[in-house]
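Colleague: Here it is: the structure, laid out below.
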Amino acid sequence: NAGVTQTPKFRVLKTGQSMTLLCAQDMNHEYMYWYRQDPGMGLRLIHYSVGEGTTAKGEVPDGYNVSRLKKQNFLLGLESAAPSQTSVYFCASSYLLGGVSYEQYFGPGTRLTVT
Amino acid sequence: AQSVTQLGSHVSVSEGALVLLRCNYSSSVPPYLFWYVQYPNQGLQLLLKYTSAATLVKGINGFEAEFKKSETSFHLTKPSAHMSDAAEYFCAVSDPGTGNQFYFGTGTSLTVIP
């Protein structure tokens, strides 16, 4: 049981390049989330998904796209990277308890630098 | 939508001293409250969670938190700090009213002085 995994762990991009971050979970969780973490700002939600084939915008969605084609995978795409997207990205998954999203399980993070 | 406020972005305590990290949530009572810990260069790990079963919640590594509705607080405490407790701590709340999003505080960095 690997939990939540993220690939890659590190990446350096040049401005304007594109990339996709992959998140995978093996806990059969319905909900998945992408966050970015920047110093002094905590975690900010980029996009999330409440089930296979569904996605929704979070607090800071601009410049990112996501897809959830399979229940276990949640992809985060950057079409044209900008230096402002330099950050640590975390994926998380959670299940419902009483109709409410219960504790989140986090991946180890992806450290992205855009030059 | 819910909101979470963590007072004090940096807290320093001596080894063996009481640890108190503060968290206040918005006025509407959330169904679940959480404390997470993040060690350097790692993801977040759940410390404890409040699920309305009991107001005093015990977690891992000797931490506990008390839910106080009258104060809209969920402060994290540990009687005696260890060097290994040095980390970033995040308070969070889940909100079914906004599609089950989670809202995190901005975090408190705990330093333990030997």
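Every residue, every condition in (1) assigned to a loop (DSSP other than H, G, I, E, B); (2) among the charged types (D, E, K, R); (3) crowded, with 20+ Cβ neighbours inside 10 Å, yes or no:
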{"position": "B:N41", "(1), (2), (3)": "yes, no, no"}
{"position": "B:L48", "(1), (2), (3)": "no, no, yes"}
{"position": "B:A53", "(1), (2), (3)": "yes, no, no"}
{"position": "B:A65", "(1), (2), (3)": "no, no, yes"}
{"position": "B:F74", "(1), (2), (3)": "no, no, yes"}
{"position": "B:T77", "(1), (2), (3)": "no, no, no"}
{"position": "B:F90", "(1), (2), (3)": "no, no, yes"}
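Colleague: Among A:Y48, A:Y31, A:Y95, which is surrounded by 14 or more Cβ atoms within 10 Å (Cβ to Cβ), within 14 Å of another protein chain (Cβ to nearest Cβ), in contact with a His (Cβ under 8 Å, 6 or more places away or on another chain) and not hydrophobic (A, V, I, L, M, F, W, C)?
Modeller: Matching residue, one of A:Y48, A:Y31, A:Y95: A:Y95.
Colleague: Hey, could you check region B:92-114 for residues that are within 14 Å of another protein chain (Cβ to nearest Cβ) and polar (S, T, N, Q) and say which is surrounded by the fewest Cβ atoms within 10 Å (Cβ to Cβ)?
Modeller: B:T98
Colleague: Starting from residues that are over 15 Å from B:D95 (Cα atoms) and of a type in the set (A, V, I, L, M, F, W, C), keep the ones in region B:12-30 and report whichever is nearest to the other protein chains (Cβ to nearest Cβ).
Modeller: B:C23
Colleague: Right, next: Looking at A:L112, A:L69, A:L76, which one is of a type outside the set (S, T, N, Q), more than 8 Å from chain B (Cβ to nearest Cβ) and not in a strand (DSSP E or B)?
Modeller: A:L69
Colleague: Now a separate question. Which members of region A:51-72 meet the condition of being within 22 Å of A:G99 (Cα to Cα) and either hydrophobic (A, V, I, L, M, F, W, C) or surrounded by 15 or more Cβ atoms within 10 Å (Cβ to Cβ) (or both)?
Modeller: A:T55, A:A56, A:G58, A:R68, A:K71, A:Q72
Colleague: Just one of B:L76, B:L33, B:L56, B:L44 is away from chain A (no Cβ under 12 Å), aliphatic (A, V, I, L, M) and in contact (Cβ under 8 Å) with a residue 40 or more places away in the chain; which is it?
Modeller: B:L76
Colleague: Please work out if A:A81 is away from chain B (no Cβ under 14 Å) and either within 10 Å of the chain's Cα centre (by Cα) or of a type outside the set (D, E) (or both).
Modeller: When the stated conditions are applied, A:A81 passes them.
Readers should treat all values here as calculations from the given coordinates under stated rules, not as data from a laboratory. Quantities reported herein were computed from a predicted structural model and do not represent experimental measurements. When we count neighbours, we look across all protein chains shown, and the Cβ atoms used for this are built from the backbone with ideal geometry, even at glycine.
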